[in-house]
Amino acid sequence: MKRSRLKLFKATSMTISILGIIMVIVAVIIIGGIGAYLFIAPIFSNPDTGTAYDDLAALNSDYSALDADVQNTKVLVLKTSNEKAKKDFVNAELDAVKAKSAIDDVDSALTTNQPIDEVNKRIYTAQQQLQKAKTSLSNVKGEI
């Protein structure tokens, strides 16, 4: 009778150990799958963001050119005695700052994985603001 109990205890103990190991392996696989999904899902969830990043790069490039133009115009405005040109230049400079802010909003929307509709609205706003800044600056150049 004692041997039978000992064999039963060994079999039960071994079964529990094997089930414990299997449960740990299953838990690791499930947690790994969830972690992989959370890491990979945002990358593939919004395929249109590729063009949005291209638009952001174009906006940044256009802003860099605009900023250089603002700096060059600033030198000319400081030399002129035309008060209207100076006042209009301040407004053009403000429009350039607004354009930079709008571009930063696009970058923020892409960084925080906003819906593509929201990103496209911000891109449109940034493009409009950049165009307004370019127009204001060209008007100032015409006054000098």
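Could you grab me the full set of residues in the stretch 90-141 that are among the polar types (S, T, N, Q), farther than 15 Å from residue 62 by Cβ and without any contact (Cβ under 8 Å) to a residue 40 or more places away in the chain?
108, 111, 112, 114
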Qualifying positions in the stretch 18-59 - outside any helix (DSSP H, G or I) and at pLDDT 95 or above: none
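Considering only the stretch 108-124, how many residues are charged (D, E, K, R) and at pLDDT 95 or above?
Summing the residues that are charged (D, E, K, R) and at pLDDT 95 or above in the stretch 108-124 gives 2.
The values are calculated or read from the model by the stated rules, or taken from the named source; none is laboratory data. If you're wondering where the values come from, they're calculated on a predicted model, not measured in any experiment. No Cβ is skipped: glycine too gets one built from the backbone with ideal geometry, and neighbour counts run over all protein chains shown.
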